[in-house]
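The values are calculated or read from the model by the stated rules, or taken from the named source; none is laboratory data. Small disclaimer: the values here were computed from a predicted structure and weren't measured. When we count neighbours, we look across all protein chains shown, and the Cβ atoms used for this are built from the backbone with ideal geometry, even at glycine.
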Amino acid sequence: MRRAALGLLLAAGVAAATAAPRLLDFGPDEIAAILSHGPWPPPPVRDPANALEGRPEAVAFGRRLFHDRRLSADGRVACAGCHVPATGFSDRRATASARRGEGPRNTPTLLDVAQQRWFGWGGATDSLWAASMVPLLATGEMAHTVPALASRVRAAPDLAAGWRRAHGGPPGQELPADDEVVVVGLAKALAAWQATIVSPRTPFDDFRDALARGDVKAAAQYPLAAQRGLRLFVGEARCSVCHVGPRFSNGEFADVGVPFFVPAAKGGGVDSGRHAGLRALQASRITRAGPHHDGDAAADPRALLTRQLTMEPRHFGEFRVPGLRQLGHTAPYWHDGSAATLAEVVRHYSLLDEDRLHADGERILRRLNLSPGQAADLEAFLRTLSTPAGSGRQRSTASPSTQTR
């Protein structure tokens, strides 16, 4: 009844409005779908597997580590070299270096990364701290080994002191003798800082909140093309089936018809996506179900899920459904960076080859056959999920929270 009343209120407001800006006659179901994509920003969350999250000392140390080239074996590469803050914490390149078992992949943004469930395009890690450890050790990235990196931390007074402060140890205390504990501690500090990276509000958020309070005048300031595109997004195009919630992602994996064969120019072969990610996750000890959980792993439902994961044929060629916030600043798109523009992404779904998709399970995607006007409207809506060029693209807050994810 609340939805129906809100719909009637908005309809009455539209009928009474005489100014040039106007609001489409969104029905109660459409309004409910739109409201489900907020509010933004969401409340902060805490990872029970990482005791460093929310600790100011750990966040400060993680921020410094993010820009520290000493985390790479040759001293030339920092995390910020690929996750560039000025470009939405991505690098604007189609693909970065390939990792073992993967093809060359696009560098994902770190905006709102604390809201994710799985990490990497194939979900090879199940926590932000485990994901932060992967590039430290990956050949072609920072290329360290656990013993060498732990030794470097112990030998650098500022790194050793930062590690101790982050973990609440007294000055001068020896770092743990276990090299893996030292390196996981670095990764957890990196994660503690990344968990504070939250993207700013967007024009869509202002529109969504105006709808929520029944403010027709404010809602009507939202561009009409974006309103039409939003109607497509939550309706006929069914985009919101996978791009759900405030982050515009269900956090899971899907085959969207993007080829997983790697071009010969980029090494050739096949990137099996979630299939390879599950294989790596099951073989790793750096998981929520492993020995480095800082809380009670038996009481962590996500650790239980990690233990129960199984590989299925459908996982081959599936990739993580990305969040859509700030996507205007994080091109190119998809796991292989093969779409340079939003227009190319929209065109892909408009002309989708349905025969290319997995045949098992419920068929969610279908060819949209958008008209040129519909395609332009859908792109106009997607652009309102980003802040305008030149404005702030992220904020960082280190305020602790008692919530868990």
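Observations
- Residues of region 217-275 that are part of a helix (DSSP H, G or I) and among the β-branched types (Val, Ile, Thr): 234, 241.
- Filtering 226, 177, 219, 210 for residues that are at pLDDT 95 or above, of a type outside the set (Asp, Glu) and surrounded by 24 or more Cβ atoms within 10 Å (Cβ to Cβ) leaves a single hit, 219.
A quick yes/no check of all residues on (1) assigned by TED's automatic domain parsing to the domain that holds residue 368; (2) among the hydrophobic types (A, V, I, L, M, F, W, C); (3) modelled with pLDDT of 95 or more; (4) buried (at least 21 other Cβ atoms within 10 Å of the Cβ):
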site	(1), (2), (3), (4)
230	yes, yes, yes, yes
246	yes, no, yes, no
286	no, yes, yes, yes
290	no, no, yes, no
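- When each of 186, 175 is tested for being among the aliphatic types (A, V, I, L, M) and within 30 Å of the chain's Cα centre (by Cα), the lone residue that passes is 186.
- Subset of region 308-326 (residues that are at pLDDT below 95 and farther than 21 Å from residue 103 by Cβ): 308, 309, 310
- Entry remark, region 153-195: residues being over 17 Å from residue 46 (Cα atoms) and outside any loop (DSSP other than H, G, I, E, B) number 19 in total.
- Residues of region 331-361 satisfying the condition of being buried (at least 16 other Cβ atoms within 10 Å of the Cβ) and either modelled with pLDDT under 95 or in a loop (DSSP other than H, G, I, E, B) (or both): 331, 332, 334, 335, 336, 337, 338, 352, 357, 358
- Yes/no for residue 150 being touching a residue at least 12 places away in the same chain (Cβ under 8 Å) and surrounded by fewer than 22 Cβ atoms within 10 Å (Cβ to Cβ): no
- Picking from residues in region 69-81 that are in contact (Cβ under 8 Å) with a residue 40 or more places away in the chain and in a loop (DSSP other than H, G, I, E, B), the one that is nearest to residue 386 (Cα to Cα) is 77.
- The single residue among 86, 60, 78 that is surrounded by fewer than 19 Cβ atoms within 10 Å (Cβ to Cβ), at pLDDT 90 or above and within 19 Å of the chain's Cα centre (by Cα) turns out to be 86.
A quick yes/no check of all residues on (1) touching a residue at least 24 places away in the same chain (Cβ under 8 Å); (2) under 30 Å from residue 302 (Cβ atoms):
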{"position": "211", "(1), (2)": "yes, no"}
{"position": "228", "(1), (2)": "yes, no"}
{"position": "231", "(1), (2)": "yes, no"}
{"position": "234", "(1), (2)": "yes, yes"}
{"position": "237", "(1), (2)": "yes, no"}
{"position": "245", "(1), (2)": "yes, yes"}
{"position": "268", "(1), (2)": "no, no"}
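- Subset of region 89-130 that is in a loop (DSSP other than H, G, I, E, B) and within 17 Å of residue 302 (Cβ to Cβ) - its residue that is nearest to the chain's Cα centre (by Cα): 116
- Test for residue 133: is it touching a residue at least 12 places away in the same chain (Cβ under 8 Å), under 14 Å from residue 65 (Cα atoms), not in a helix (DSSP H, G or I) and not assigned by TED's automatic domain parsing to the domain that holds residue 226: no
- Residue list for region 31-45, filter: surrounded by fewer than 18 Cβ atoms within 10 Å (Cβ to Cβ) and outside any loop (DSSP other than H, G, I, E, B): 32, 35
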